[in-house]
Amino acid sequence: MARVTLERVEKVYPDGFKAVRSLNLEVHDGEFLVLVGPSGCGKSTTLRMIAGLESVSEGCLRIGEDVVNEIAPKDRDIAMVFQSYALYPHMTVRENMAFGLTMRNRPLSEVKERVQWAAETLGLLDLLERRPKALSGGQRQRVALGRAIVRDPKVFLLDEPLSNLDARLRLETRAELKRLHRKLGTTTIYVTHDQEEAMTLGDRVAVMNQGVLHQCARPLEVYERPADRFVAGFLGTPPMNFLRVEVTPTGEDLRVTREGFDLKLPRDLIHAARGDVQRPAILGVRPEALKIREADDRPGSIRGTVDLVEPLGGQMDVVITTSSLDQLVARVSARELSAGTEVALDVDPSGGHLFAAEGGSGKNLASE
Ligand SMILES: Nc1ncnc2c1ncn2[C@@H]1O[C@H](COP(=O)(O)OP(=O)(O)O)[C@@H](O)[C@H]1O
Ligand SMILES: [Mg+2]
């Protein structure tokens, strides 16, 4: 096992495109780190640099204590699992799993033992003599994992390994992966564009956009204390609501205003040193931090009209158009509510965030 360290790592493709920008990241020994971000943000490029399948243009890449920038993939002691599984079609499951060890000239008895152990661990014992075309998607995926774990590498690199599975199997395999990691304790870097997968799997989650790492922290922390507006909007479904507001500190509180509403929120939403002037900002509110009640003239809430109700079983999403014509989504427990109803929205103060205004950095003003 080993930690993986990236220091100011950059990737410039031959056509001049900069896919990864000054990336600093330390993956701890034994950690399950998830690299998440929208398609095209540079996740696979980063993983492929760690694997040695892409060269590092700038910066320093370490596995354990060793700088590996110039080390060939086969000498890095990593195992990679791809979305496409990349199994050899003419080989059986057993041969597919044994291949990496045989290639490295491991003794036959060791190969047999390792394959047996991996097949047991992943529930593949009954499938060892089959060829990939006689396997379901989920089974192929397990064989690809098996091929990675037989080698007992220092680091696992997984690139969207669940995206070819249907929704149910994805959930099952996700849980299995988590158990497997608990059992093996191998440093793992897992790439996905799926924020839910990232939150459920990661010890820590590294959020990237356009080649830049925005935040790396525990799942709950990125959710509750997003570093900036991008992270806030990327994690969570439905996404966080954003509204342009004016912020005026008043004594103990912050007065957050916009045409049609006037809210009191806790002062610590803005970093103390910067908190004394009136300023435009972006208010971010998670759908579950909005409470719907009957419309009245009580100040301190947001007035609006129900636009759309989407039942989800025990809960429902309600799209509301405010009197300032913003659209907000509230996630509340299921109840009777019809489109056209006038309502008032209360903001749970702990679910409010303030970000630097449009055109600015978008940084969370609590941490700026
Ligand atoms: N060989 C390449 N040459 C030029 N640009 C590339 C190459 N491979 C990937 N890219 C670009 O780099 C960016 C990041 O790609 P990638 O790392 O695959 O993103 P992700 O895995 O996050 O979806 C994308 O804009 C992609 O088009
Ligand atoms: Mg990718």
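The values are calculated or read from the model by the stated rules, or taken from the named source; none is laboratory data. Fair warning: this is a prediction, and the values are worked out from it, not measured in the lab. Positions of Cβ are generated from backbone atoms using ideal geometry, with glycine treated the same way; all protein chains shown enter the neighbour counts.
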Being basic (K, R), more than 12 Å from ligand 2 (Cβ to nearest atom) and modelled with pLDDT of 95 or more is the filter here; which residues of segment 36-90 pass it?
R62
Can you work out which of the residues in segment 26-50 that are more than 7 Å from ligand 1 (Cβ to nearest atom) and assigned to a loop (DSSP other than H, G, I, E, B) is surrounded by the most Cβ atoms within 10 Å (Cβ to Cβ)?
E31
Out of curiosity, is S109 free of Cβ contacts under 8 Å to residues at least 12 places away in the same chain and assigned by TED's automatic domain parsing to the domain that holds V34?
yes
If S84 satisfies every condition in (1) surrounded by fewer than 22 Cβ atoms within 10 Å (Cβ to Cβ); (2) within 11 Å of ligand 1 (Cβ to nearest atom); (3) in a loop (DSSP other than H, G, I, E, B) but one, which is the exception?
(2)
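Looking at L171, L184, which is the one that is more than 16 Å from ligand 2 (Cβ to nearest atom) and more than 17 Å from the chain's Cα centre (by Cα)?
Values: L171 fails: more than 17 Å from the chain's Cα centre (by Cα).
Within the list L171, L184, the selection yields L184.
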Test: V155 is within 16 Å of ligand 1 (Cβ to nearest atom), at pLDDT 95 or above and in contact with a Ser or Thr (Cβ under 9 Å, 6 or more places away or on another chain):
no
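Got a sec? Which strands (runs of 3 or more DSSP E) wholly within segment 326-368 have at least 1 residues that are more than 17 Å from G233 (Cβ to Cβ)? Give the derivation first.
Numbers: elements: 327-333, 342-347, 352-356.
Counting at least 1 such residues, we get 327-333, 342-347.
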Considering only residues of segment 312-326 that are touching a strand residue (DSSP E or B) at 6+ places or on another chain (Cβ under 9 Å), free of Cβ contacts under 8 Å to residues at least 24 places away in the same chain and not hydrophobic (A, V, I, L, M, F, W, C), which is farthest from V245 (Cα to Cα)?
G314
How about segment 337-355: which of its residues are of a type in the set (A, V, I, L, M, F, W, C) and either modelled with pLDDT under 85 or closer than 17 Å to P266 by Cα (or both)?
V347, L354, F355
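So, E65, is that one farther than 30 Å from G137 by Cβ and touching a Cys at 6+ places or on another chain (Cβ under 6 Å) or not? Talk me through it step by step, then tell me what you get.
Values: farther than 30 Å from G137 by Cβ: yes; touching a Cys at 6+ places or on another chain (Cβ under 6 Å): no.
No.
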